[in-house]
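Right, one structure below, let's go through it.
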Amino acid sequence: MQVDSITIIFIVLAAFVLWKLRSVLGEREGFEQRFENGPQVAPGAPAPQLSPAELEWTECAERGGPVWRGFDQISRAQRDFSPKIFLAGARSAYEMIVQAFSRGDEQALQALTSPDVLAGFKTALDERRARGETMQTTLVGLNDARIVEARVEKNLAIIAVRFDGQFITATHGPDGALIEGDPNTPANVIDVWTFARPNDATTPNWTLVATSPGQ
């Protein structure tokens with residue numbers, strides 16, 4: 001069977017067009033994957049330069065992750081935001097609140113917590129007093145304190161911190177007998193505390209707005 005020259009030309013042109021389409025669009029799987037994974041950096045190309053603020057973020061969050069994106073939201077709403085300064089303050093607040101609850105200091109708790117959290121603390125303190133119990137709590141040390149969530153919600157910046165601490169806690173009854181805890185042996189306690197600060201705040205203070213057990 002003979003193939004004339006015009007047919008050959010069309011075959012060559014079709015092959016060339018298919019090759020060009022393949023080189024531009026790529027395989028279907030590869031084309032979709034490029035969009036799913038975001039922009040690609042060519043091998044050997046320099047990574048995008050980080051701002052001084054973003055360099056600080058790398059110490060507290062995975063670059064490009066959910067917490068990092070939360071930092072970006074908060075920094076746009078609160079120009080003075082620094083995750084390192086926040087985390088240092090959160091660690092101090094954690095210790096102060098734990099100690100205030102241990103000794104039943106409602107005034108100190110009120111200055112550091114939201115009305116809802118304060119109400120929960122007060123209920124527990126009232127029940128403790130009604131039973132005639134006393135509690136002694138000592139923070140031996142924090143194994144870890146890290147930000148696990150950050151976001152802006154309406155007019156509030158919200159940050160959740162996972163605290164992993166070692167505590168010595170002992171609760172005594174009216175007669176002084178130990179009823180819970182161990183006054184000599186530290187126990188590991190993990191909590192997730194959520195702090196909030198209005199975007200238009202005139203002070204650097206953050207308020208504890210929620211607590212939950214951690215894992």
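Normalising the average separation of contacting C-alpha pairs (under 8 angstrom, six or more residues apart) by the number of residues puts the relative contact order of the stretch 101-215 at 24 percent.
In terms of its Cα atoms, the stretch 102-188 spans 50, 29, 16 Å along the principal axes, sorted from long to short.
Each peptide in 86-96, 196-206 receives the mean, over its residues, of other Cβ atoms within 10 Å, and ordering these scores from highest gives 86-96, 196-206.
Peptide packing: for 131-140, 66-75, the average count of neighbouring Cβ atoms within 10 Å per residue gives the ranking 66-75, 131-140, highest mean first. In the context of the full set of protein chains, the stretch 95-210 has a per residue accessible area of 54 Å² (1.4 Å probe). Local charge for A90 was computed over the other residues whose Cβ lies under 12 Å away, with Lys and Arg +1 and Asp and Glu -1, and equals +3. Taking amide hydrogens as placed 1.01 Å from N in the peptide plane, the amide H of I179 sits under 5 Å from those of T171, H172, G173, each at least 5 positions away in sequence or on another chain. What is the distance, in nm, between label points placed 7 Å from the Cα along the Cα-to-Cβ direction at Q73 and at E106? My value for the distance between the label points is 3.5 nm. Surface composition of the stretch 54-126: carbon plus sulfur atoms contribute 50% of the solvent-accessible area (1.4 Å probe, protein chains only, all chains present).
Derived scalar couplings between HN and Hα for the stretch 133-141 equal 9, 10, 10, 10, 10, 10, 7, 6, x Hz in order, rounded to whole Hz, by the Karplus curve 6.51 cos²θ - 1.76 cosθ + 1.60 (θ = phi - 60°), x for Gly and Pro.
Peptides 114-127, 174-187 ranked from most to least packed, by the mean per-residue count of other Cβ atoms within 10 Å: 114-127, 174-187.
The values are calculated or read from the model by the stated rules, or taken from the named source; none is laboratory data. Owing to the predicted nature of the structure, the values given are computational and were not obtained by experimental measurement. No Cβ is skipped: glycine too gets one built from the backbone with ideal geometry, and neighbour counts run over all protein chains shown. For the accessible areas, the whole protein counts, side chains as well, though only heavy atoms, and no ligand, DNA or RNA atoms are used. Shrake-Rupley method; radii C 1.70, N 1.55, O 1.52, S 1.80 Å.
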